[in-house]
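Colleague: Take this structure first; my questions come after.
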Amino acid sequence: MDCPGFERLIDYLDGLLDAASSEVMAAHLDSGCSECVTGRDWYEMVISIAASDDTVEPPPWVLKRAIRIFENARPQESAPARIRRLVASLIFDSLARPSMAGARLMEPDDHQLLYRAGDYHIDLQLAQARKCIHSADASFDLTGQILKESEYAFESVAGLRLALIRDDETVHSTITNEIGGFSFPAVEGGFYEMRIEAGEITITIAALNIL
Ligand SMILES: [Zn+2]
């Protein structure tokens with residue numbers, strides 16, 4: 001069976017297809033089309049991250065951008081092969097595992113996230129910044145480190161450009177230090193896209209929920 005494509009897959013996952021078309025799509029997934037299976041897993045991950053705080057609905061631009069990022073990240077034969085785009089996947093979220101009693105290594109207010117993209121690991125720590133008593137808006141100190149697997153030196157993680165993007169605008173940017181570390185002080189809570197430029201690779205964290 002021909003692959004119905006990504007748009008159709010998203011319609012299916014959003015429950016927008018009629019019963020007959022849904023059955024076709026379900027059968028296609030069962031047939032093991034790797035592109036569609038990857039797309040489904042990715043979309044479910046984005047949704048679950050975006051919905052992990054059920055008091056906050058992700059703004060629509062988060063999902064729209066995320067879908068665009070994913071489509072751009074898919075290999076295209078016509079695209080020049082110089083810049084490779086990688087979408088980072090979340091492999092650990094300290095808030096998602098409140099049941100890990102006894103394994104608590106962090107201050108109770110810290111939020112730790114670990115992402116992976118290809119050979120790169122991105123470790124993020126969020127701590128609530130000192131709040132101004134006159135302001136209700138929370139802000140967070142975001143610190144982190146980028147590491148590359150199977151590399152003993154830090155050459156390929158030093159001096160990388162990082163940006164926090166909100167609604168198509170870069171709101172914070174920085175450069176990693178000599179061991180791949182970075183910090184964004186006083187970031188306003190909310191959804192961001194984080195983009196890391198590592199030479200010929202651009203790594204994207206599609207929906208980073210800072211809370
Ligand atoms: Zn397919």
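The values are calculated or read from the model by the stated rules, or taken from the named source; none is laboratory data. Treat the numbers as computed from the prediction; the structure is a model and nothing was measured. FYI the Cβ positions are ideal-geometry reconstructions off the backbone, even for glycines, and counts take in every protein chain you see.
Colleague: From the list R65, R82, R104, pick out the single residue that is closer than 29 Å to Q145 by Cα, surrounded by 12 or more Cβ atoms within 10 Å (Cβ to Cβ) and modelled with pLDDT under 80.
Modeller: Only one candidate qualifies: R65.
Colleague: Quick check on my filter: what residues within region 22-36 are within 14 Å of the ligand (Cβ to nearest atom) and surrounded by 13 or more Cβ atoms within 10 Å (Cβ to Cβ)? Before the answer, list the steps.
Modeller: Here is the first cut: in region 22-36, the residues within 14 Å of the ligand (Cβ to nearest atom) are 24-36.
Scanning region 22-36 gives V24, M25, H28, L29, C33, E35, C36.
Colleague: Something else about it: Which strands (runs of 3 or more DSSP E) sit wholly inside region 135-211 and have at least 1 residues that are more than 24 Å from M45 (Cβ to Cβ)? Before you say what the answer is, go through the steps one by one.
Modeller: On the way: elements: 139-148, 161-166, 169-175, 181-188, 190-198, 201-210.
Fully inside region 135-211 and qualifying: 139-148, 161-166, 169-175, 181-188.
Colleague: I'd like the full set of residues that are modelled with pLDDT under 90, polar (S, T, N, Q) and either farther than 19 Å from V171 by Cβ or surrounded by 11 or more Cβ atoms within 10 Å (Cβ to Cβ) (or both), limited to region 122-160.
Modeller: Across region 122-160, the qualifying residues are Q128, S139, S150, S156.
Colleague: Additional query: Please go through region 1-21 and pick out each residue that is near the ligand (Cβ under 9 Å from one of its atoms), assigned to a helix (DSSP H, G or I) and either of a type in the set (A, V, I, L, M) or more than 26 Å from the chain's Cα centre (by Cα) (or both).
Modeller: L9
Colleague: Looking for something modelled with pLDDT of 80 or more and out of contact with any Lys or Arg (no Cβ under 6 Å at 6 or more places or on another chain) - is there at least one such residue anywhere in region 44-56? Lay out the reasoning, then the answer.
Modeller: Filtering region 44-56 down to residues modelled with pLDDT of 80 or more leaves 44.
Retained after the next criterion (residues that are out of contact with any Lys or Arg (no Cβ under 6 Å at 6 or more places or on another chain)): 44.
Within region 44-56, one or more residues are modelled with pLDDT of 80 or more and out of contact with any Lys or Arg (no Cβ under 6 Å at 6 or more places or on another chain).
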